[in-house]
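A short reminder: the numbers here are calculations on the coordinates, not readings from a lab. Small disclaimer: the values here were computed from a predicted structure and weren't measured. Virtual Cβ from ideal backbone geometry, glycine too; neighbours counted across all protein chains shown.
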Amino acid sequence: MKKKIFFFTLFIFLISISTAFAAAEGEGGHDSQEWIDLGKKTFDFIVLVGLLYWLLAAQIKEFFSGRRVEIKKTLEESVERKAEAEKKYREYSEKIDKASVEIDGIFEMIKAQGITEKQKIIEDAEKAAKKMKEDARTRIEQELKGASDQLKAQAVQLSVQMAEEILKQSITAQDHEVMVKEYMDKVVIRN
């Protein structure tokens, strides 16, 4: 149908040019020669365009229809790539969400372990402090007992020394002889 419209337009154009030539020849003169030259040039142009159309119409149609198919194919590929990209985006979003949940879980686990370790360390420190207090109390008691025993021994020694001094000062030679005699009598009687 497009060919028919083209040829019909070409036919009307040629008729109008030939009418212009006929009108120009009838008047005569210089203007008619210009109209004839214009008509020849227009005819040559129309023939050239028609010839180019006849030679290149199939390739031009093929180019534009091929281009249309290519554009359609590119659009379809773009839609497919977009769908794949959205699918990958959703997958990565899900992976990131899962990773975030796992990280939160690990954080909570580490936090709970830290609290447990803290409590364990505090309990161990309290046990160690209690043991240190008990050890210190035991040492203090031992030191007190040792000091007490030492004081008692010193007191006994001082008491003996004082008694000895008192006895030395209060016993005379005559008292000494009486004590030796009594001691001897007891030893002889027993043996």
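Annotations
- Model label sites at residue 73 and residue 154, defined 7 Å from Cα along the beta-carbon direction, differ in position by 11.6 nm.
- Overall form of region 66-132: prolate. Here a/c, set by the Cα gyration tensor axes a ≥ b ≥ c, is 1.5 or more, and a/b is the larger of a/b and b/c.
- Cross-link partners for residue 61 among the aspartates and glutamates, with Cα-Cα distance under 20 Å and sequence neighbours closer than 8 places in the same chain left out: 70.
- A simple spin-label model places the labels of residue 15 and residue 34 2.8 nm from each other, with each point 7 Å out along Cα-to-Cβ.
- Under a Gaussian network description of the chain, with springs only between Cα atoms under 10 Å, the residue in 178, 101, 47 that fluctuates furthest is 178.
- Of (1) 1, 7, 16, 20, 19, 14, 10, 7, 3, 1, 0; (2) 1, 5, 5, 5, 4, 4, 4, 4, 3, 3, 3, 3, 3, 3, 3, 3, 3, 3, 2, 2, 2, 2, 2, 2, 2, 2, 2, 2, 2, 2, 2, 2, 2, 1, 2, 2, 2, 1, 1, 1, 0; (3) 1, 7, 12, 14, 16, 16, 13, 9, 6, 4, 2, 1, 0, the label for P(r) over Cα pairs in 5 Å bins from 0, in percent derived from the coordinates: (2)
- Net charge dipole, the chain: roughly 720 debye, given to the nearest 20, about the Cα centre with Cβ charges of +1 for Lys and Arg and -1 for Asp and Glu.
- Selected from 156, 5, 69, residue furthest toward positive end of dipole (the chain; charges at beta carbon): 5
- Inter-label distance for residue 99 and residue 113, nm, one decimal - labels placed 7 Å from Cα along Cα-to-Cβ: 2.1
- Length released on extending from residue 174 to residue 64, taking residue separation times 0.36 nm less the Cα-Cα span: 23.5 nm
- Membrane-span-like helices in the chain, defined here as complete DSSP H runs extending at least 18 Å along the helix axis by their C-alpha atoms with mean Kyte-Doolittle hydropathy no lower than 0.5, are 2-27; this is a sequence and geometry rule, not a statement about a membrane.
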